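First the structure, in the form of structure tokens, and then the observations on it.
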Number of protein chains: 4
Amino acid sequence: MCRLLAYLGQPVLMDKFLYEPDNSMIKQSFEAKEIEEPLNGDGFGVGWYHKHITHQPAVFVSIYPAWNNRNLRYLASLVQSDCLIAHVRAASVGDVSESNCHPFHYRNYLMAHNGGVEEFDKIKRSLKDRLSDERYLWLKGQTDSEHLFALFLEYLSAKKADFTADDVADSFEEMIVALKEMMEAKSITAPAYLNMVFVDGERMVGLRYTTSKEVKPLTLYYSEGSKYVCEDGVCYMVPSEGSDKSVMIVSEKLTDIAQDWKTIPDNHMVLVYKDLSVKLRKVEV
Amino acid sequence: MCRLLAYLGQPVLMDKFLYEPDNSMIKQSFEAKEIEEPLNGDGFGVGWYHKHITHQPAVFVSIYPAWNNRNLRYLASLVQSDCLIAHVRAASVGDVSESNCHPFHYRNYLMAHNGGVEEFDKIKRSLKDRLSDERYLWLKGQTDSEHLFALFLEYLSAKKADFTADDVADSFEEMIVALKEMMEAKSITAPAYLNMVFVDGERMVGLRYTTSKEVKPLTLYYSEGSKYVCEDGVCYMVPSEGSDKSVMIVSEKLTDIAQDWKTIPDNHMVLVYKDLSVKLRKVEV
Amino acid sequence: MCRLLAYLGQPVLMDKFLYEPDNSMIKQSFEAKEIEEPLNGDGFGVGWYHKHITHQPAVFVSIYPAWNNRNLRYLASLVQSDCLIAHVRAASVGDVSESNCHPFHYRNYLMAHNGGVEEFDKIKRSLKDRLSDERYLWLKGQTDSEHLFALFLEYLSAKKADFTADDVADSFEEMIVALKEMMEAKSITAPAYLNMVFVDGERMVGLRYTTSKEVKPLTLYYSEGSKYVCEDGVCYMVPSEGSDKSVMIVSEKLTDIAQDWKTIPDNHMVLVYKDLSVKLRKVEV
Amino acid sequence: MCRLLAYLGQPVLMDKFLYEPDNSMIKQSFEAKEIEEPLNGDGFGVGWYHKHITHQPAVFVSIYPAWNNRNLRYLASLVQSDCLIAHVRAASVGDVSESNCHPFHYRNYLMAHNGGVEEFDKIKRSLKDRLSDERYLWLKGQTDSEHLFALFLEYLSAKKADFTADDVADSFEEMIVALKEMMEAKSITAPAYLNMVFVDGERMVGLRYTTSKEVKPLTLYYSEGSKYVCEDGVCYMVPSEGSDKSVMIVSEKLTDIAQDWKTIPDNHMVLVYKDLSVKLRKVEV
């Protein structure tokens, strides 16, 4: 079912998320804790920004498991960024191929997804029919995740160029409305699970949602403070005393330090603005 | 632009096509002779049948170059089949991923393509709109080749269940008609190159075609005889004296033995029937 | 710690071992039952013989996990052999690379290993010093397994050309003696676990051993009968009534059918002769 | 035979070497100009330093060809470093595996090689016998290149901890002396080609050498100036006017701009010191 992480704030070494915490992303790739199926070995991906060079992110994906990947080990030790996203995959819809690895990249945006739409094949065609040629042709892979991202992008592209985290959140909601319509049209009643994170280098939005009232969405937490640090094998969020803020969104708690992790309430979004202020917002659809 | 080979007839070891001839498929993967761009290093694929086990073929594809592939080296030394197909890829449309490797497999059919449709993105959407849900959802990759195969399959699926090589040829022609319509609708004038081979374990059809009258189609040859053998480093087709027939279709001559290779005339198909009889047929569209 | 399987007998489709049983090799790749660490996702390998073509086996290895491998899925559906070996790897010593994947191939022999030598680096050099140039240069990878196989091959190569399963068993014992000497010289006291299978297309030997008296060797079973079949989702060994024999050696029981699986006693070998007769033999070192 | 590049100086984006020049490293991967065999498609590697984070480099290698590698394309667009090394491989000795990809990494050093030792197997064992346990166990792959690097490291490790480019050059010479001894002992007369670059983040040495007086070493150039830039599709070295120096070593000229490329004379080394001053030195062995 995948595990994900997104971060925006003070520059931090990728190592602090991928390798150092007790329940690091790498740990989650072979032994995730907060989900029934502990194995996320069908490829992985990381994306990050160096805005002093370009607004475009770099993405590194692989169809090998994350846990024994020499290239990732090296990268994590030298990539220091103020905005990044990471994902380990358990393939549900779609082959194990690079074009099915998260995060997906469109313009200067990155998106990763944890969850899925049951019987996605039933709505795939109607979803694609809703896409403009630009997004239709941008699609490369087979996953429900990438298709949902394309649908979301249709709505986001209708916003003003200098959009805010609220516009991103609105686009998520419009995507959900469209998805529910399509599911209903095909009588799909199994819940769709939509935990998604969006970043563009300057803002970040995390969605924790499921289409069914009968079930809980998958876990999603956020953490905010001054900076995420690891010292003597202990990783924690330094409390913020002012403008030096950092925010992280994770599928699973990276550590047992309880105060570091706040649950995003069921069917809510966490919005992180350009000034790094944070707002919770209910999904109103 | 890719190189391909298809074979139907007496059981033969894959080695005889892939490694042993002077201008073997492996040789063509790094130094093709009869095409401008000699490099076909963007993955490869082989497919073969063991009809005494099942009518379904096996397919082995890889996104590594064919020339240094240990697995392929081993396979070729032990796979002996009466029907096989091989392809080395030079990526034009689509990433280097397994789902873009030829041959493509649908039911018990295999298809490989050498050529391409310029500005394929312009017609991709209208092509997919012509597909039934079954073929629409069957599509996995990004190539023009796989999309054309899906279109061809629409026509083939309308034939009788026990179709003949002529039905396959008809379906190729219907695919061409549809392609030309779509190209015209989008004012694509650059020639599409369509060298394609189809096998189903019992019949084989090769197409050598281009949509433009102004240019020549890419090279395509066939060879027929009793059996393809390699002795003391010399590979040749043993002349047939009766029912023990074998037919091969190749993008390039595998050797300099002139009498082994007959050119398929421009815009023609070669049809190999279940009884291994061979017919040339002009593309009448 | 890896899981392995070896088979000698009536021709059988690879599918019957890799995919069809409840606890198939593929199942063991992500959820092994009879070992502490259930994950064997660091590559895999299969080897098989078609003796009517050549005495040399083919080997197919991959550094991807076995559970989602399209090529393996296809291969297993068409490879039917009277002698094969399969292995899923959990990397302990050595990178995840093709040259570290089992089975290892030397001449017409294949060998796979489940287990390991603690602190192998301490004896690597002295082990290699014991090798003839031929075996020294044959070594390609980094694993303790391949090095132990090379050492074993030194002893086997000293036997008569037409060696028997007993000669293979003797060579395993000589390898163990040498290993213990080297471990002692370096004061390595942690137990080495040596579950190994050897095949050459005509005979098969399985070793279940650990260097320490204080611990149990890893699990290893064998099964004998007429043929291994799967019908309506149930896989079982058909009892043999005569010369149509088949023998299988496995790290884990493939099914819950108790009578199909006999435990190889601690520190014993199972020897399968050219006539497919089976003998248990204690490791006397 | 491989192609390589090394750089030390002002921070520069990897793109400027890998993709932007007319004869970029990527171009050289499929169509090298200054060598008989134009294809370098058997994997690649890049290494780079961010000394403000750590003295250890990161290395990214792949066994896919460089020309269609999405991860490399992304990396090159965001990695900006003052010291880097890049290599595209044409496999001669050793499989296509990650452990055979250059650059090789030991402590904070990186080394890449273009060339080879004929009949390397004949001296492999005696070379390894000369290594201390540390370097013996550090070796992971099969290439002559990595083994020569290990030998070189024996000599370098005997120098003072704060060694200079001259110490590196001395170590190259000692490595050559040892190699020649071993070749002579085994009557290897075919010339060994040794174009090698060494960096440690602060100094760089390039060696252009062959063991035979009868043949020319492979091509090797260097370029020095203030900074390497690409503007409107034209890449060039900006002349230096003071302390803002940069130096590059390449197998092939990246452009046709003649004044940018100085030939390293036959059997010479180019030494780049910590202060970025440059010296040519004859190999005196």
Once you place label points 7 Å from the Cα toward the Cβ at C:Glu37 and C:Val177, how far apart are they in nm?
3.2 nm
Shortest first and in nm to one decimal, what separations exist between B:Gly233 and its copies in the other chains, measuring from label points 7 Å along the Cα-to-beta-carbon line?
4.7, 5.8, 6.3
P(r) over all Cα-Cα pairs of the stretch A:3-282, 10 Å bins from 0 to the longest distance, whole percent per bin, short to long, reads 7, 32, 39, 19, 3, 0
Evaluate the Debye formula for the protein assembly as shown with equal point scatterers sitting on the alpha carbons, no solvent, and hand back log10 of I(q)/I(0) at q = 0.08 Å⁻¹, in q order, two decimals.
-0.97
Nearest 20 debye, what's the magnitude of the dipole of the protein assembly as shown about its Cα centre given +1 on Lys and Arg Cβ and -1 on Asp and Glu Cβ?
0 debye
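Over the whole of A:127-139, what's the average partner chain Cβ count within 10 Å per residue? Rounded to a whole number, please.
Details: counts 0, 4, 3, 0, 1, 0, 4, 0, 0, 4, 6, 0, 1.
Average per residue, whole number: 2.
Can you tell me how much longer the chain between D:Asp232 and D:Lys262 gets when fully stretched, taken as 0.36 nm per residue apart minus their C-alpha distance, in nm with one decimal? Don't skip to the answer; put the middle values down first.
Values: separation 30, 0.36 × 30 = 10.80 nm, distance 2.41 nm.
Between D:Asp232 and D:Lys262, full extension yields an extra 8.4 nm.
Within 10 Å of each Cβ of B:31-38, how many other protein chain Cβ atoms are there on average? Could you put the intermediate results ahead of the total?
Working: counts 3, 0, 0, 0, 0, 0, 2, 4.
The mean count of partner-chain Cβ atoms within 10 Å per residue comes to 1.
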Compute the relative contact order of chain A as a whole-number percentage, counting only Cα pairs closer than 8 Å that sit 6 or more residues apart in sequence.
22 percent
Using 0.36 nm per residue, how much length does the chain from B:Ser277 to B:Arg107 gain when fully extended, once their Cα-Cα distance is taken away?
58.8 nm
Any chance you could list the semi-axes, whole Å, largest first, of the equivalent ellipsoid that the Cα gyration tensor gives for the stretch C:97-140, using √(5λ)?
18, 16, 9
Can you compute the charge dipole magnitude of the stretch B:61-118 about its Cα centre, using +1 on each Lys and Arg Cβ and -1 on each Asp and Glu Cβ, nothing else charged? Give it in debye, rounded to the nearest 20.
200 debye
Nearest to the axis that maps chain A onto chain C: list the chain A residue whose Cβ wins, with the distance in whole angstrom.
A:Gly41, 3
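Mind checking B:58-65 for the average number of partner chain beta-carbons within 10 Å of each residue's beta-carbon? Before the final figure, lay out each step's value.
Working: counts 8, 6, 7, 3, 2, 6, 7, 8.
Mean partner shielding for this stretch: 6.
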Could you pull the copy-to-copy label distances for A:Gln259, with points set 7 Å along Cα to Cβ, in nm to one decimal and sorted shortest first?
6.5, 6.6, 9.2
Once a ≥ b ≥ c are taken as the square roots of the eigenvalues of the Cα gyration tensor of the stretch D:161-285, is the result rounded (a/c under 1.5), prolate (a/b larger than b/c) or oblate (a/b not larger than b/c)?
oblate
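About the Cα centre of the stretch A:3-282, what is the dipole size in debye to 20, counting +1 per Lys and Arg Cβ and -1 per Asp and Glu Cβ, all else neutral?
Working: 32 positive and 41 negative charges, 67 e Å.
I would put it at about 320 debye.
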Which helices, counted as full DSSP H runs in chain D, have an axial Cα extent of no less than 24 Å and a Kyte-Doolittle average of 0.0 or above?
D:165-185
How much length would be gained if the chain were fully extended between A:Glu241 and A:Phe163, taking 0.36 nm per residue of separation minus their Cα-Cα distance, in nm to one decimal?
25.3 nm
Could you give, in nm with one decimal, how far C:Lys216 is from each other copy of that position, shortest first, with labels 7 Å out from Cα toward Cβ?
3.7, 7.1, 7.3
Springs between alpha-carbon pairs under 10 angstrom, Gaussian network model over chain A: which of A:Pro239, A:Pro265, A:Pro217 fluctuates most?
A:Pro239
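Let me check against my output: what whole-number percent is the relative contact order of the stretch C:175-283, with C-alpha pairs under 8 Å and at least 6 apart? Present the calculation step by step, with values, prior to reporting the outcome.
Numbers: 191 pairs, mean separation 27.1, N = 109.
Contact order relative to length: 25 percent.
Values in this text are rule-based calculations from the coordinates and carry no lab data. Only a predicted model underlies this, so the values are computations on that prediction, with no experimental measurement involved. Every residue, glycine as well, gets a Cβ built from its backbone with ideal geometry; the counts of neighbours run over all protein chains shown.
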